[in-house]
Amino acid sequence: MWFAALLVYLFLYLPLTVVVIYSFNDSRLNAEWVGFTWRWYEVLFQDEEMIQAAVNSILIAVGASFIATLLGTMAGIAIHRYKLKALPFLVITPVAMPEILLGVSLLLFFIQVLHLTLGLLSVLVAHITFCVGFVAIVVRARLAGMDESIFEAARDLGATPWQTFRLVTLPLILPAVIAGALMSFTLSIDDFVITFFTAGVGVSTLPLQIYSMIKIAVTPEVNAVSTLLMLVTLGMILLAARFDKTVLRGQE
Amino acid sequence: MALLELRNLTRRFGNLTAIDNVSLSVEAGEFFTLLGPSGCGKTTILRMIAGFDLPDGGEILLDGKDIAATPPEKRPLHTVFQSYALFPHLSVADNVAFPLRMSKVSEQETRQRVKEMLETVHLADKSDAFPHELSGGQKQRVALARGLVNKPRLLLLDEPLGALDHKLREEMQIELINLQRNVGVTFVFVTHSQPEALALSHRIAVMNEGRVEQMDSPANIYSRPSNRFVADFIGDINMMNAQIDVVDGMQLRLSVAGLGAIVAPAHIETSTGQAGAFAIRPEQVVIGAPDEHAELANRFSGTLRDFLYVGDVTTYKVEVTNGTLIQALLPNAAPGKARFFELGDKVTVAWSSESGMFLHE
Ligand SMILES: Nc1ncnc2c1ncn2[C@@H]1O[C@H](COP(=O)(O)OP(=O)(O)OP(=O)(O)O)[C@@H](O)[C@H]1O
Ligand SMILES: [Mg+2]
């Protein structure tokens with residue numbers, strides 16, 4: 001058994017490790033180890049296109065996770081409170097749907113229905129769409145484990161519905177809300193497929209930028225940016241798991 | 001004027017009439033108990049009084065005013081939930097302070113009153129603890145303190161002792177009685193345990209399938225149940241179908257199924273020919289050797305089939321000649337008086353013409 005587990009881990013992490021190692025290789029080619037260098041990271045931070053893509057990525061990730069967290073939290077509470085049957089399905093479907101489908105349908109929606117010029121805004125809306133479900137799932141899972149009567153107890157002891165939310169509900173779901181926000185951030189900053197369909201020309205994000213670079217060759221610079229992206233993602237996920245363990249258990 | 005009055009309260013869930021035309025009133029300062037089997041609608045009544053559920057018919061009056069339109073937070077009453085419902089993210093002191101903060105009591109007074117209240121429930125040393133660090137009995141006391149600290153007009157308690165073990169339960173019962181007496185808050189208490197109801201209450205409403213079967217003092221509920229359901233639900237009782245042969249002033253002559261003719265007291269409105277049941281508590285029945293108890297009006301010989309010794313008393317089950325079982329309960333304390341019988345012994349069971357009762361269907 002442990003051997004199988006080891007194989008799986010090797011399979012998962014070996015490619016990632018190779019990328020990280022070669023990002024420090026003092027050679028233009030991903031062939032043999034020459035020596036240690038920070039060179040590619042310096043190149044990275046002087047690449048204006050790359051910097052612009054990173055700024056876009058961060059803007060979108062911050063905006064999308066913020067708005068998705070607000071909406072997702074409300075959705076999670078509503079699904080739980082009113083024992084809604086259809087809404088969970090509607091909110092969670094984008095999470096499970098093949099990304100390519102979501103990407104194509106959002107593209108058609110933006111262009112043909114909204115007549116929107118594709119750009120940062122369309123990417124932002126697209127990212128919110130698939131992050132909302134995640135936040136809702138995590139918040140709802142947190143609520144499901146709680147004793148219903150504490151919310152009634154708050155009302156009973158003199159709290160208005162708003163006070164009940166502020167003083168009881170929110171503090172209790174806060175770990176899930178923070179975890180949901182961090183997860184949304186990583187989902188958004190990593191996303192390629194949906195961004196690819198909804199970005200249009202002229203707007204780039206980190207994953208799009210990496211893709212356009214490897215069309216030519218896998219340069220050490222790509223290794224470097226991938227390493228950084230990996231670090232950010234890993235940090236966020238670990239942080240999210242600290243707040244709410246359900247995020248590591250997947251989607252229930 | 002009664003503090004709380006329910007008038008023709010009705011609540012339906014689909015086809016089920018969970019509360020069926022219930023009327024009752026609770027006086028200020030009273031310890032009032034709703035007693036009934038699981039599913040009879042006790043919680044539903046409390047939830048309507050507290051404002052978490054709305055009646056389909058009838059009125060709920062507090063101090064004579066209909067509170068149908070008042071949201072839960074505006075009703076001058078608090079609830080102690082069966083699950084305690086303590087706020088897990090707040091310390092014991094903050095849990096107890098919650099209702100005071102909601103009604104904008106100054107922070108200084110809040111601290112003072114929380115301290116006093118926690119002393120009253122013997123939890124002064126736990127004020128900084130969190131709910132998950134407390135035992136069941138301690139949580140229970142925090143819930144009580146939180147419900148009482150703001151001196152509500154009325155405290156609703158939904159099976160608050162249900163989750164406690166036997167010994168703790170008895171301790172908490174005594175604390176509840178003292179607390180209610182000292183704080184002077186009116187209690188509406190829900191339980192399905194009849195000994196608990198008898199021990200704690202000033203008055204009991206016995207419920208069954210959404211209706212109130214009888215409302216009276218514990219002593220009257222026990223000794224004068226108004227129908228078969230109440231008699232059967234409260235305590236052990238021998239009950240047999242019976243018919244009235246003769247009404248003779250304060251005495252009834254009955255034909256009892258499986259027994260024959262007996263004499264019983266007339267407590268309720270009766271007339272000759274009525275059918276119903278004869279009921280008698282095991283402690284009103286004596287057991288003796290075949291020649292004993294000749295002085296008692298109702299006397300049957302039989303065979304001892306079973307007995308249950310529980311230390312202070314023994315319950316004997318005697319099969320009288322034609323297959324009917326009669327239970328007799330005897331204290332084991334009386335020296336010389338106490339007789340012990342073996343299974344299969346020929347014995348006599350007997351009771352006076354003043355014992356037992358006739359119940360309508
Ligand atoms: N929200 C609801 N929807 C449908 N039926 C309900 C609802 N609440 C209660 N009932 C039904 O109403 C009846 C009374 O329920 P209630 O909870 O008041 O009983 P109870 O006397 O408190 O029982 P217990 O001693 O088990 O707590 C039950 O048959 C129950 O199934
Ligand atoms: Mg109940």
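Highest mobility in the GNM of chain A, judged by mean-square fluctuation with C-alpha springs under 10 Å and restricted to A:V138, A:V123, A:V20, is found for A:V20.
Counting 0.36 nm for each residue step from A:I214 to A:A86 and taking away their Cα separation leaves a gain of 41.8 nm.
The calculated Kirkwood hydrodynamic radius for the stretch B:240-332 is 14.3 Å, given to one decimal from all distinct C-alpha pairs. The magnitude of the dipole of chain B, with charges of +1 and -1 set on the Cβ of Lys/Arg and Asp/Glu and taken from the Cα centre, is near 780 debye.
Find the relative contact order for chain A and round it to a whole percent, using C-alpha pairs within less than 8 Å whose residues are 6+ positions apart. Intermediate results must be reported in sequence, preceding the final value.
Values: 313 pairs, mean separation 77.4, N = 252.
Value for chain A: 31 percent.
When the stretch B:4-229 is described by a simple charge dipole with +1 on each Lys and Arg Cβ and -1 on each Asp and Glu Cβ, the residue from B:I45, B:P88, B:A143 located farthest towards its positive end is B:I45.
Rounded to the nearest 20 Debye, what is the dipole magnitude of the stretch A:52-249 about its Cα centre when Lys and Arg each give +1 and Asp and Glu each give -1 at the C-beta?
Values: 11 positive and 9 negative charges, 59 e Å.
The dipole magnitude comes to about 280 debye.
Nonpolar atom fraction for the stretch B:260-361, defined as the carbon and sulfur part of the 1.4 Å probe accessible area, stands at 54 percent.
A simple rule links phi to the HN-Hα coupling: the Karplus curve 6.51 cos²θ - 1.76 cosθ + 1.60 with θ = phi - 60°, which for the stretch B:157-174 gives 10, 9, 6, x, 9, x, 8, 9, 6, 3, 5, 4, 4, 5, 4, 5, 4, 5 Hz, with x for Gly and Pro. Which of A:L70, A:L116, A:L12 moves most in a GNM of chain A, Cα contacts under 10 Å? Taking springs between Cα atoms under 10 Å, the residue moving most is A:L12. The GluC sites (Glu not before Pro) found in the stretch A:5-75 that occupy coil by DSSP, while having at most 11 further C-beta atoms within 10 Å, are A:E32.
For every helix of n ≥ 4 consecutive DSSP H residues, a contribution of -39,500 (n - 2.57) applies; sum these over chain A, divide by its total residues, and give [θ] at 222 nm rounded to the nearest 500 deg cm²/dmol.
Working: 12 runs with 181 residues, N = 252.
So the helix-based figure for chain A works out to -23500 deg cm²/dmol.
Couplings 3J(HN,Hα) for the stretch A:61-77, derived from phi with the Karplus relation 6.51 cos²θ - 1.76 cosθ + 1.60 (θ = phi - 60°), are 5, 5, x, 5, 5, 5, 5, 5, 5, 4, 5, x, 5, 4, 5, x, 5 Hz, where x marks Gly and Pro.
How large is the dipole of the stretch B:223-312 about the Cα centre if only Lys and Arg carry +1 and Asp and Glu carry -1, each at its Cβ, rounded to the nearest 20 debye? Kindly include the intermediate steps, with their values, before the conclusion.
On the way: 6 positive and 11 negative charges, 52 e Å.
Its charge dipole is roughly 260 debye.
Here's how it looks for B:D56: its modeled amide H is under 5 Å from those of B:T10, B:R11, B:R12, which are all 5 or more places away or on a different chain. For the set A:L120, A:L229, solvent exposure ranked by accessible area (probe 1.4 Å, protein chains only) runs largest to smallest as A:L120, A:L229.
Please give the FRET efficiency for A:F165 paired with B:T272, using the beta carbon to beta carbon distance and R0 = 60 Å, rounded to the nearest 0.05.
Result of the calculation: an efficiency of 0.35.
What the Cα atoms of the protein assembly as shown give is an Rg and a Dmax of 36.7, 119 Å.
A Förster radius of 41 Å combined with the Cβ-Cβ distance from B:K346 to B:N21 puts the calculated FRET efficiency at roughly 0.20.
What percent does the relative contact order of chain B come to when contacts are Cα pairs within less than 8 Å and at least six residues apart? Before the final figure, lay out the partial values.
On the way: 752 pairs, mean separation 53.9, N = 361.
Here the relative contact order equals 15 percent.
Expressed as a whole percent, the accessible area of the stretch B:60-189 that falls on carbon and sulfur atoms is 50 (1.4 Å probe).
Greater than 29 Å separation of Cα atoms is the criterion. Which listed pairs, A:K83/B:K104; B:K42/B:K65; B:K167/B:K346; B:K126/B:K151, meet it?
Correct reply: A:K83/B:K104; B:K167/B:K346.
Label positions at A:Q52 and B:T10, each projected 7 Å from the Cα along the C-beta direction, are separated by 7.4 nm. Compactness of chain B was expressed as the Cα radius of gyration divided by 2.2 N^0.38 Å, which yields 1.20. Backbone amide hydrogens, once placed in the peptide plane, bring B:T186 within less than 5 Å of B:G29, B:L155, excluding anything fewer than 5 places away on its chain. Compare B:L198, B:L343, B:L62 in a GNM of chain B, Cα atoms joined below 10 Å, and give the one with the largest fluctuation. Per the Cα network of chain B with a 10 Å cutoff, B:L343 tops the list. Database remark: amide H of B:V313 closer than 5 angstrom to the amide H of B:N332 (H placed geometrically; neighbours at sequence offset of 5 or more, or on other chains; Pro and chain starts carry no H). Quick check: the angle from helix A:120-144's long axis to the longest principal axis of chain A, C-alpha only, nearest 10 degrees? Tilt of helix A:120-144: around 50 degrees. Backbone phi angles across the stretch A:48-53, fed through the Karplus curve with coefficients 6.51, -1.76 and 1.60 (θ = phi - 60°), yield HN-Hα couplings of 5, 4, 5, 4, 4, 4 Hz in residue order; Gly and Pro are listed as x.
Compute the distance from the alpha-carbon center of the stretch B:2-62 to that of the stretch B:195-239, in whole Å. Using only Cα atoms to place each centre, the spacing works out to 17 Å. For the pair B:A124 and B:V310, label points projected 7 Å from Cα toward Cβ lie 3.9 nm apart.
Just add up the charged neighbours of A:K215: K/R +1, D/E -1, any other residue whose Cβ is under 15 Å from the Cβ of A:K215. Net charge in that neighbourhood comes out at -2. Its alpha carbons give the stretch A:93-196 an Rg and a Dmax of 18.0, 53 Å. Just to be sure I understand: if you take the accessible area of chain B alone plus chain A alone and subtract the pair, with a 1.4 Å probe, what total do you get in Å², rounded to 100? Rounded to the nearest hundred, the buried surface is 1700 Å². Note on the stretch A:127-252: along the principal axes its Cα atoms extend 66, 28, 22 Å, ordered by decreasing extent.
Run the accessible area of chain A with a 1.4 Å probe and give the carbon-and-sulfur part as a rounded percent.
Details: 10070 of 13810 Å².
The value for chain A is 73 percent carbon and sulfur by accessible area.
Put simply, the Cα atoms of chain A extend 71, 53, 33 Å along their principal axes, the longest span coming first. Ranking B:F130, B:L62, B:L118 by how far each Cα lies toward the positive end of the dipole of the stretch B:4-229 (charges on Cβ) leaves B:L62 at the top.
The values are calculated or read from the model by the stated rules, or taken from the named source; none is laboratory data. Keep in mind that what you see is a predicted model, and the values were worked out from it rather than measured. All Cβ positions, even for glycine, are placed from backbone atoms using ideal geometry, and neighbour counts span all protein chains on display. Quick note on the areas: whole protein, heavy atoms, side chains included, nothing else; ligands and nucleic acids left out. Shrake-Rupley method; radii C 1.70, N 1.55, O 1.52, S 1.80 Å.
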